[in-house]
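Report on the following structure.
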């Protein structure tokens, strides 16, 4: 996702996150002036800094407690970017475990299938007075800034938003991203890792309305905070956290569904 938009090979991107990339290596892959490229990348949400003669993602040096994470969720009227669009988007900015800002908007849409409306509760009529996709995404891009983009199964939300930005004539996202599902698999023992299941199992957000953007954002926020609490002390910086979410061993899944066990137990008690 990042490598193609950044126009650097995967090895170079890995070096930006770890031991650094030399000026010579960077110049070989970038057509424009390096300083101009750095400015353009920052405008797309990615800050790259120079330290001790090498280039790095700024997030390599930002402690998790000082980093700004943006937890995001979207609802769409389908999964194909060429046919479908975002119908609702929400995000919260989080710093040192505290929500500092919120963003939420429906998006004007001409067509929403009945099964999508049944899942989300959003109809075309609900969006008739909402701003256009261009207006919403322009505001959201400003809100997101260069925060770390966090979502549950992040690839879908990140890619759909990035491609949607291109559809309205803007540049794609380059923000560093983190998957709350992948992180949960390494920090929280569970039978399943779907957001709705984790919410019920862990009682993250009791008043949740699943498949509404802000509700799912707040559920993901609670899960994210829980995951951070379960991290080892060696995970101190943002890039450590991103690498951990991708490479650390997953926890062994609970063998039996505790929610089903509880349901069976309750049934037995009610009939005894």
Next on the checklist: Being part of a helix (DSSP H, G or I) and within 15 Å of residue 179 (Cβ to Cβ) is the requirement here; does residue 241 meet it?
Outcome noted: yes
Next on the checklist: Give me the helices (runs of 4 or more DSSP H) completely within region 71-174, filtered to those with at least 1 residues that are under 21 Å from residue 194 (Cβ atoms) and without any contact (Cβ under 8 Å) to a residue 60 or more places away in the chain, ordered by residue number.
Outcome noted: 114-120, 154-167
Item to check | Per-region count, region 12-30, residues farther than 23 Å from residue 247 by Cα, surrounded by fewer than 18 Cβ atoms within 10 Å (Cβ to Cβ) and in contact (Cβ under 8 Å) with a residue 24 or more places away in the chain | outcome: 2
Checklist entry - Out of curiosity, is residue 194 crowded, with 19+ Cβ neighbours inside 10 Å, farther than 22 Å from residue 48 by Cβ and under 15 Å from the mean Cα position of the chain (by Cα)? => result no
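Any read-out appearing in this document is the output of simple, stated calculations on the displayed coordinates, not a laboratory observation. All values derive from a computational prediction rather than experimental measurement. Using ideal geometry, Cβ is built from the backbone for each residue, glycine included, and neighbour counts are taken over all protein chains shown.
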